[in-house]
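To start, the structure under review is shown below, and the notes come after it.
All of the numbers you see were taken from the coordinates with simple rules; none came from a lab. Computed from a predicted model, the values in this text were never measured in an experiment. Every residue, glycine as well, gets a Cβ built from its backbone with ideal geometry; the counts of neighbours run over all protein chains shown.
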Amino acid sequence: MIPDTWDQECDVAVIGFGGAGVAAAVTAHDLGAEVLIAEKAPKGLHGGNTRVAAQGYLNTSSTEEAIQYLTALCGPYTVPARMIEVWAEEMGQNNEWLAGLGGDPQEHQHPPAGIEFPELPGAQSSHKFHDGPVLGYGKTWDRLESFVLERDIRVHYDTPARDLIQDPHSGEILGIRAETAGKPLHIKARRGVVLTCGGFENNQELIRTYLSGVPYCFPQGTPYNEGDGIPMAQTVGADLWHMNNFAGPTMALKVPEFPATLSMQALHFSKEFPGGMIVVGPDGRRFADEKFKNRHGKVPMNGVWRPMALPCPMFMIFDHPMLASGPLYNTEPNRGWTAMMDRYPWSDDNSAEIEKGWITKADTLEGLARLLGLDGLALDETVNRWNAQVAAGADTDFGRTLMLNPLEKSPFYAVELSPAMLNTQGGPRRNERSEILRPDGTRIPRLYSAGELGSIFSNLYQGTGNIGEAFGFGRIAGRNVAAETPWG
Ligand SMILES: Cc1cc2nc3c(=O)[nH]c(=O)nc-3n(C[C@H](O)[C@H](O)[C@H](O)COP(=O)(O)OP(=O)(O)OC[C@H]3O[C@@H](n4cnc5c(N)ncnc54)[C@H](O)[C@@H]3O)c2cc1C
């Protein structure tokens, strides 16, 4: 409903202060628009996944090759050719954009790295960059944030957007209803609204509805991305796309006391620890190479890449030498939401986590199985089979090559693992102008989007692509919304 009076006014309201929000807000501002950002998280916890990401962003070296690569990544999914072209053109301008605002992409320093699917055509055009000489937690984000803070852009923290306000006759988006301190805040947006409020990583209902193969899944990044942009856009008539695609799943520990997942060091694809460790499903059997370096959750199957199949609940089973080798969780400043803490309080000897029940301990495998509700005979057979394979020097079931150590020295331990993900890709469908579309392909006037909320990635994902895309489509949204004729 259109309010009688508005609490605040601006030309452009940007919903969400992450990477896409920065690109949209700064671009619109520099074109002369009065910009306001409404951010759900309190100050200090804002920045979304962009802040807690690994800080790499994509810059492509050849538009033609980038078109080939993204087309191949999409596989059977069809993304309009014009959309892919525009994406490729914008991805080649990310360094220039960052540098133009005072950032430092260190272009000469970065050889091509992190190509996710080198076997696909055009892959060699993908280059990973970050701001400044050091790739550190939050460093690229710090630079992005400074672009907003040094401009006359109003930021409302702790102010989630709840609804888009639409003219019932013209369908135009006139502003938003946000909430601050439990009270409504009606913000008039004279030129338009840009949705940059991230994905649905922390919304179990949407996960169950849209992500196949995972009965539940938890974020590695910000817990504030709860898919709010999806019903907001649907309510004003938006179509959705890429809802079943996500950067995951992987396996991690989720405890009720903490809003995001904690990664277990022993599952890292390159780290070796003493002692025995396997992961079993609810039938007490192994189901995968626990140390496989998947490609953002995708694993090979019969010649194609598919999301990793995870039977829940899953348990990481390990023995005393592994427990005694140090904290199970990496206590160094880390990426992911845990990076928001100076040092996540995990005890050096894992004893506090045993006390809290995060780690289950038993003197025998049979006792451990009983505590976990697993079939003791099955777990015993699994461990015996693993130990025999280790003794013979090869995991003939799943081809694991790392940490081929017997699991034999009691006490035995377990951690329940959950599917985890970096981010979802689905959301309202947008076009090459970053306009949000209805199912019939027409635009919803004055409504734009950018970032992982309705990402272009439909199938396979190239790492650093999300932040790269957030920059590119954020700029496009900023340019086009700033060019709208103000209403009222
Ligand atoms: C651990 C980790 C590592 C990653 N590493 C990389 C990497 O190196 N390179 C890469 O390209 N991608 C990486 N990704 C993915 C990438 O970080 C995200 O996809 C990307 O940053 C999304 O940017 P965004 O601006 O769309 O969303 P976000 O950065 O998540 O920002 C969304 C913002 O919207 C806010 N918000 C949510 N709901 C509302 C609401 N109702 N009203 C107002 N505000 C709202 C959130 O609080 C948040 O601040 C990683 C992700 C994780 C979790």
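When the charge dipole of the stretch 250-420 is built from unit charges on Cβ atoms (+1 for Lys and Arg, -1 for Asp and Glu) and taken about the Cα centre, the candidate among G336, G276, P313 whose Cα reaches farthest toward its positive end is G336. Shape class for the stretch 1-67: oblate, because the ratio a/c of the largest to smallest gyration tensor axis (alpha-carbon atoms, square roots of eigenvalues) is 1.5 or more and b/c is at least a/b.
Each residue, L371 and C312, gets one label point 7 Å from its Cα in the Cβ direction; the gap between the two is 2.3 nm. Within the same chain, lysines fewer than 8 places from K128 are excluded, and of the rest, those with a Cα less than 26 Å from its Cα are K139, K271, K291, K293, K298.
Kindly put F269, F147 in sequence by how many other C-beta atoms sit within 10 Å of each C-beta, fewest to most.
So the residues, fewest neighbours to most, are F269, F147.
With coordinates expressed along the principal axes, the C-alpha atoms belonging to the stretch 250-420 extend over 43, 42, 26 Å, beginning with the largest.
Looking at the chain alone, DSSP beta bridges between its own residues are antiparallel in about 70 percent of cases.
Once the Cβ-Cβ distance of S146 and F287 is raised to the sixth power relative to R0 = 41 Å, the FRET efficiency obtained is 0.35.
Give me the number: length gained by fully extending Q106 to T5, i.e. 0.36 nm times residue separation minus the C-alpha to C-alpha distance, one decimal in nm.
Length difference between fully extended and current span is 31.5 nm.
Of C10, C217, C197, C74, the sequence from fewest to most neighbouring Cβ atoms within 10 angstrom is C74, C10, C217, C197. Here the 3J(HN,Hα) profile of the stretch 50-67, calculated from phi with Karplus coefficients 6.51, -1.76 and 1.60 at θ = phi - 60°, is 4, 5, 9, 6, 6, 6, x, 10, 8, 9, 9, 9, 9, 4, 4, 5, 5, 4 Hz, Gly and Pro shown as x.
The mean of 1/r over all distinct Cα pairs in the stretch 32-85, once inverted, gives the Kirkwood hydrodynamic radius of 14.9 Å. Measuring from a point 7 Å past the Cα of K43 along Cα-to-C-beta, which residues in the stretch 1-20 have an amide N at less than 16 Å? Under 16 Å, as judged by backbone N against the label point of K43, lie 17 of the stretch 1-20. For T382, T60, T209, the sequence from fewest to most other C-beta atoms within 10 Å is T209, T382, T60. Can you tell me which lysines have their Cα less than 22 Å from the Cα of K188? Leave out same-chain residues fewer than eight positions away. Answer for K188, where 22 Å is the Cα cut-off: K40, listed by chain and number.
Between the amide H of F218 and those of A420, M421, distances stay under 5 Å, these residues lying 5 or more places away or on another chain, with hydrogens modeled in the peptide plane.
For the stretch 172-324, the spherically averaged projection of the C-alpha convex hull amounts to 13.0 nm².
Straight Cα distances below 13 angstrom link K254 to the aspartates and glutamates E353, E416, with same-chain residues fewer than 8 positions distant left out. Note on V299 and E85: the extension gain reaches 74.2 nm, defined as 0.36 nm multiplied by sequence separation minus the Cα-Cα distance.
Using unit Cβ charges (K, R positive; D, E negative) and no other charged atoms, how large, in debye to the nearest 20, is the dipole of the stretch 250-420 about its Cα centre?
720
Shape analysis of the chain yields a ratio of the Cα radius of gyration to the Kirkwood radius, Rg/Rh, of 1.01. For the pair the stretch 1-41 / the stretch 245-316, the C-alpha centres are spaced 39 Å from each other. Helical runs assigned H by DSSP (4 residues or longer) give the chain a calculated mean residue ellipticity at 222 nm of -7500 deg cm²/dmol, each run adding -39500 (n - 2.57) before division by the residue total.
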